[in-house]
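This report refers to the structure that appears directly beneath it.
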Amino acid sequence: MCGIVGYIGGKEKKELVLNALGELEYRGYDSAGIAVMKEGRIDAFKATGKLKNLQEKTKNFTSEGDGIAIGHTRWATHGKPTEINAHPHFGQHSYIVHNGIIENYREIKEMLTSKGVTFLSQTDTEVVVYLFEHNLQTSKSAFEAFEKTVLSLRGAYAILLITTIAPNSIFFAKNAAPLIIGKNDEKELFFGSSDAPLIGHAKEVCYLEDGQYGVLSKNEILLFADKKKVSSIFRDLPQDKSYAQKEGFRFFMEKEIYEQSRVLGETLMGRIKNNEIVLEELDEYLFDGINSIKICACGTSYHAGLAAGYIFERLAKIRTDVVIASEFRYKEPLLTPDTLFIVISQSGETADTLEALKIAKNAGLKTLAICNVDNSSIVRLADNTILTRAGIEKGVASTKAFATQVATLWLLSIFMAQKRNSVGKERLKSEIDTLLRIPSSLNVDNATHEKLRRLSKRYLHGHGFFFIGRDIFYPLALEGALKLKEISYLHAEGYPAGEMKHGPIALVDSKLFTVALLPKTMLYDKTKNNIEELSARDATILVISPEQFELADDFIKTKNSSHVMNEFFEMMIILQLLALEIAVRLGNDVDMPRNLAKSVTVE
Ligand code: AGP
């Protein structure tokens, strides 16, 4: 999704801003651009495709000495991914970069068009720079014009604007899209739409709040909200950049699959004491008066939520609904105060999930975020947060984030079971013992990986995949299908194994690939029957199970069937590696799949 960076200082600005955009590449984008202002002159460059195209375009341009710069990676929402639609957009004197969507851009565009403005692009962003220049005509200062402009916008935005009318300043505004200011001891100032481009440059950062706007110049940070000056609060920025290296793996996604054992250890760290789950981050009274749970999330996080639905009801014996955030928002949901509202998000910036959280908060519900990114918008809005501690995930296709989400939700379900006395002591002990052993069972087995690598060549051409499973292995099947779709671009569907006979079985023939999850600990015989029904109709079947299955065309043997969650996590790794190896064989960009963005900050 779109990324924003900005800089005020004396370094080579082009290099600095291009490198900063490089840190945001993993989020997905389809064009990029920069604008550099020095001694009152602005030079701007844009290019479609990857950043190397922009680097090529700017190779003869230098920008040493004091000045300012802004940069942007665009993920198309309004208008195709063309150079004209790429940011920065410009008026007569000013350039702007923007993340988000301006909802009232049509009204503004009509008003400006009636005043003679001609627009070059199809974007919503371009209207903002022209509105600013229009407001300049009736304002005493550039700041007044910017303030008027921002206050007339509706929608989501993180904006940086530079203008020759007020050289050496960057005007900024934030609403429902992240924007961070950074500073260091050398008096350099930075902007970023996430921490990543600021690490190594800024020492302290200020996470702007919704509705804040202002202007930054070398000597001053002026911050406002609703026409009133507010103070900026800076905090130290951790400087750990190790996530940026692939450490010998071919792709970040592969590295992140292998990291799961370690990061799950982090997820559990300090949260199990004396055979009890301890979640000190939660409000002591969070569960008082709570009789049901509603979980809202998107994509992979939604699958983690679906898995949690099974665990919560089974262990904590609490009614749990799981809803896709984009559906929840407009269904006029009935919300009662005895419901705990849980949102799950890797990035903490997903617009649909964030908006769902706002609805729940406005309805007076207690809220809890399960999130990987501290200080993200979702974390700041929720009353309570449990951080999943997966570390920065660079692969657009989520892997370790999913594993840590499921582990965190399992942890939470045991915690609730403790509080509600919903299961006996022995059961609690066995859950905690298993949970403690999960990190070591997540080590990737090299032989299995190699087998999947070889096997993947048989699964490149067919007319689609069905991933099937029952119970908690159904959300895992959904996740396996999503992983494959995202990075291989092959059609795949996740389906409850028992539901195939109600329709999809009509699709079955030898070119239909079925990946069947056949755990020992959960409905083994029932699932086996469902697989046999497919085998009888000549489907090509890959079975993943601890028990040999004669009718399988291909078979991956799992090792640990002592607990349902051991089976879940072991099969999860196999599905992730299968998707990876198929995508590698197809020659796809595994870390940055087409059309996808790491953090989806539009509705
Ligand atoms: C996962 O592989 C995806 N790329 C995507 O489905 C993602 O899980 C979804 O967009 C939600 O993101 P979030 O967890 O950051 O809220």
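Per-structure values
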| quantity | calculated |
| --- | --- |
| Carbon + sulfur, % of accessible area of the chain - ligands and nucleic acids excluded, 1.4 Å | 48 |
| Heavy-atom surface of region 252-441, accessible at 1.4 Å and reported per residue (Å²) | 37 |
| Extended-chain gain in nm, criterion 0.36 nm per residue less alpha-carbon gap, GLU532 and ARG154 | 130.5 nm |
| The chain: C-alpha gyration tensor shape, a/c 1.5 cut-off, then a/b vs b/c | prolate |
| R0 of 35 Å, Cβ-Cβ distance LYS331-ALA447: FRET efficiency to nearest 0.05 | 0.15 |
| ³J(HN,Hα), Karplus 6.51/-1.76/1.60, whole Hz, each residue of region 381-390, x for Gly, Pro | 7, 5, 5, 9, 9, 10, 7, 7, 6, 7 |
| Built amide H within the under 5 Å cut-off of THR388, gap 5+ | CYS371, ASN372 |
| Ranked by how many other beta carbons lie within 10 Å on average, peptides 586-592, 12-18 from highest | 12-18, 586-592 |
| Value of [θ]222 nm, deg cm²/dmol, for the chain, DSSP H segments ≥ 4, -39500 (n - 2.57) each, nearest 500 | -10000 deg cm²/dmol |
| 3J(HN,Hα) from dihedral phi, region 143-149, Karplus parametrisation 6.51/-1.76/1.60, rounded to Hz, x for glycine, proline | 5, 4, 5, 5, 4, 4, 4 |
| Between region 60-93 and region 168-212, the Cα center-to-center distance that results, in Å | 18 |
| Close Lys-Lys pairs in region 186-285, where close means Cα under 29 Å and separation is 8 or more or interchain | 19 |
| Ordering of 419-428, 321-330 by burial proxy (mean other Cβ atoms within 10 Å per residue, highest first) | 321-330, 419-428 |
| Unit charges on C-beta of K, R, D, E only; dipole of region 183-334, Debye | 280 |
| Amide hydrogen neighbours beyond the local backbone of ILE293, cut-off 5 Å, H modeled | ARG319, THR320, ASP321, LEU340 |
| Å² per residue, accessible surface of region 3-245 at 1.4 Å | 41 |
| Cα gyration tensor shape for region 252-441, rounded if a/c is under 1.5, else prolate or oblate | oblate |
| Order by protection proxy (mean Cβ within 10 Å, highest first), peptides 230-236, 381-387, 188-194, 516-522 | 188-194, 516-522, 381-387, 230-236 |
| Rough spin-label spacing in nm, given labels placed 7 Å along Cα→Cβ, for LYS317 and ILE84 | 6.6 |
| Whole-Hz couplings from phi, Karplus 6.51/-1.76/1.60, listed for region 176-187; x for Gly and Pro | 6, 8, x, 8, 10, 9, x, 9, 9, 6, 7, 6 |
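The values are calculated or read from the model by the stated rules, or taken from the named source; none is laboratory data. From a predicted model like this one, the values you see are computed outputs, not experimental measurements. Glycine gets a Cβ as well: all are built from the backbone with ideal geometry, and neighbour counts include every protein chain shown. Side chains are part of the model used for accessible areas, which takes the heavy atoms of the whole protein and leaves out ligands, DNA and RNA. Shrake-Rupley method; radii C 1.70, N 1.55, O 1.52, S 1.80 Å.
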